[in-house]
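The next block holds one structure in the form of structure tokens; read it before the comments.
The values are calculated or read from the model by the stated rules, or taken from the named source; none is laboratory data. What you see is a predicted model; the values in this text were computed from it and never measured. Reconstructed Cβ throughout: ideal geometry from the backbone, glycine too, with neighbour counts over all protein chains shown.
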Amino acid sequence: MTQMTFNTKTKVAIIANGKYQSKRLATKLFNTFRDADDFYLTKKNPDIVISIGGDGMLLSAFHMYEKQLDRVRFVGIHTGHLGFYTDYRDFEVDTLLENLYTDKGEKISYPILKVTVTLSNGHQITSRALNEATVKRIEKTMVADVVINDVKFERFRGDGISVSTPTGSTAYNKSLGGAILHPTIEALQLTEISSLNNRVFRTLGSSIIIPKKDKIEIIPKRLGSYVLSIDNKTYTHRNISKIEYKIDNKKISFVSTPSHTSFWERVKDSFIGEWDS
């Protein structure tokens, strides 16, 4: 029998939040993988990233490894109040381990968002978002031109604008009144945040679904400080000349196992729950 080496083992990273339950599960998984012949624990260039906590922890894990999306797959364990991205509850760790032992490398992939911010001095900042990216003006009402695929669509006035991915359509986008999109639909969704609509100022007022091939540009018309949120990270920039949004050429991939919950099952469990037929 040929002895297995580190090069043939599946490299696993375990990322957990600070909750007691998450730490306890992380310790259990660490001890299990440490003694396993088929796995190698490391946070450097892992094949699988196990996120323990909730959606916030999964977002953090995504951004930790967003430059390695071509090779890494994610799996989430839910120990919080809402786990839209998680396939396993805290009491299903043994099931997760069984599925990983029989894993054949299959994956389920979802589109993500690429955001490029151009400052007035020409400097560009590029980020990726799993859920959404929002922009708001700090001092006063935000005034910005919305350009869709080089068509000047509207002049927006209001609190801000959110652009979400299909998976992110169930997050902040939904609370703004946007539509829920199935993640197999590779599209962006633009949703206004408290727009001004009266006899003088007018915007479309509803969310807009934009196909993969198109891009969105937000061009602020006033100088000042703007708050840009990328998932669970927030940045402040002065004098933004343009923000461009489009579907990234990379995707996030999750471990495909028998426990992978369907999208509509996640939506039902998260927002509706059980109901009498």
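If residue 110 meets every condition in (1) outside any strand (DSSP E or B); (2) touching a Lys or Arg at 6+ places or on another chain (Cβ under 7 Å) apart from one, which number is that one?
It fails just one condition, (1).
If we keep just the residues of region 149-160 that are touching a strand residue (DSSP E or B) at 6+ places or on another chain (Cβ under 6 Å) and under 26 Å from residue 183 (Cβ atoms), which is surrounded by the most Cβ atoms within 10 Å (Cβ to Cβ)?
Once the filter is applied, the top-ranked residue is 160.
Of the residues that make up region 212-230, is at least one closer than 27 Å to residue 77 by Cα and either in a loop (DSSP other than H, G, I, E, B) or modelled with pLDDT of 85 or more (or both)?
Yes: region 212-230 contains one or more residues that are closer than 27 Å to residue 77 by Cα and either in a loop (DSSP other than H, G, I, E, B) or modelled with pLDDT of 85 or more (or both).
Whether any residue in region 41-62 is surrounded by fewer than 17 Cβ atoms within 10 Å (Cβ to Cβ), among the charged types (D, E, K, R), closer than 20 Å to residue 131 by Cα and under 15 Å from the mean Cα position of the chain (by Cα) is what I want to check.
no
Taking the condition modelled with pLDDT under 90 and farther than 17 Å from residue 265 by Cα, does residue 90 pass?
It is true that residue 90 is modelled with pLDDT under 90 and farther than 17 Å from residue 265 by Cα.
Mind listing just one residue for me: the one in region 228-240 that is among the hydrophobic types (A, V, I, L, M, F, W, C) and farther than 23 Å from residue 183 by Cβ and, of those, surrounded by the most Cβ atoms within 10 Å (Cβ to Cβ)?
Across region 228-240, the extreme among qualifying residues is 240.
So which strands (runs of 3 or more DSSP E) stay within region 142-195 end to end and still have 2 or more residues that are within 14 Å of the chain's Cα centre (by Cα)?
151-164, 187-195
Quick check: anything in region 195-204 at pLDDT 95 or above, aliphatic (A, V, I, L, M), within 30 Å of residue 119 (Cα to Cα) and assigned by TED's automatic domain parsing to the domain that holds residue 117?
Scanning region 195-204, I find no residue that is at pLDDT 95 or above, aliphatic (A, V, I, L, M), within 30 Å of residue 119 (Cα to Cα) and assigned by TED's automatic domain parsing to the domain that holds residue 117, so the answer is no.
So which pairs qualify, if the first residue must be in region 82-111 and closer than 24 Å to residue 169 by Cβ and in contact (Cβ under 8 Å) with a residue 24 or more places away in the chain, the second must be of a type in the set (Val, Ile, Thr) and part of a loop (DSSP other than H, G, I, E, B), the Cβ gap must be under 6 Å, and the two must be at least 6 apart or on different chains?
Partner pairs satisfying both residue conditions: 87/261; 111/165.
Considering only residues of region 241-268 that are assigned to a strand (DSSP E or B) and basic (Lys, Arg), which is surrounded by the most Cβ atoms within 10 Å (Cβ to Cβ)?
Ranking the candidates gives 246 first.
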